[in-house]
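Engineer: Got a structure here, written out as structure tokens. Questions coming.
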Amino acid sequence: MDVNSAVKRAKEYVNNLFEGESISDVGLEEVVFDEPSAAWEVTVGFARPWKRAQRSSFLPFDPPLLERDYKVVRVKDADGTIESVKIRQFK
């Protein structure tokens, strides 16, 4: 599986998994190939409608910003099977 196929598979999976939550702005954030386990780790970011950042007091008429959630989707290289979906932890 090439990187484009792994990313496409991960984004489709996230869209289907969170289908009932009205997520938006699904996009690739990063991708890494884990050689020892032969799996792609694809970080996918998206917005949820209930996670709105506070508006700036200087720009009260701007639409509220949506905070992003990040999930790491592990895609098996051999057959595209999704092994896991985890919350992306930032250090």
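The values are calculated or read from the model by the stated rules, or taken from the named source; none is laboratory data. These figures come from a predicted structure and were not determined experimentally. Here Cβ is always computed from backbone atoms with ideal geometry, including for glycine, and neighbour counts include all displayed protein chains.
Engineer: For the stretch 77-91, name all the residues that are in contact (Cβ under 8 Å) with a residue 40 or more places away in the chain and assigned to a strand (DSSP E or B).
Structural biologist: If the condition is that a residue be in contact (Cβ under 8 Å) with a residue 40 or more places away in the chain and assigned to a strand (DSSP E or B), then 82, 83, 85 are the ones that fit.
Engineer: Suppose we filter 44, 32 for residues that are surrounded by fewer than 18 Cβ atoms within 10 Å (Cβ to Cβ), of a type in the set (A, V, I, L, M) and outside any helix (DSSP H, G or I); which single one remains?
Structural biologist: 32
Engineer: With the requirement that a residue be hydroxyl-bearing (Ser, Thr, Tyr) and in a helix (DSSP H, G or I), what does the stretch 6-22 give you?
Structural biologist: The answer is 13, and nothing else.
Engineer: I need a count of the residues in the stretch 13-26 that are within 11 Å of the chain's Cα centre (by Cα) and loosely packed, with under 14 Cβ neighbours inside 10 Å.
Structural biologist: The total comes to 3.
Engineer: May I pose another question? At pLDDT 95 or above, in contact with a strand residue (DSSP E or B) (Cβ under 9 Å, 6 or more places away or on another chain) and surrounded by 13 or more Cβ atoms within 10 Å (Cβ to Cβ): does that describe residue 68? Please lay out each step first, then the result.
Structural biologist: Values: at pLDDT 95 or above: no; in contact with a strand residue (DSSP E or B) (Cβ under 9 Å, 6 or more places away or on another chain): yes; surrounded by 13 or more Cβ atoms within 10 Å (Cβ to Cβ): yes.
Against the criterion (at pLDDT 95 or above, in contact with a strand residue (DSSP E or B) (Cβ under 9 Å, 6 or more places away or on another chain) and surrounded by 13 or more Cβ atoms within 10 Å (Cβ to Cβ)), residue 68 does not qualify.
Engineer: Which pairs turn up if I take residues in the stretch 17-38 that are small (Gly, Ala, Ser) and look for partners that are part of a strand (DSSP E or B) and loosely packed, with under 14 Cβ neighbours inside 10 Å with beta carbon separation below 6 Å, at least 6 apart in sequence or on another chain?
Structural biologist: Going by the 6 Å Cβ cut-off, the qualifying pairs are 22/49.
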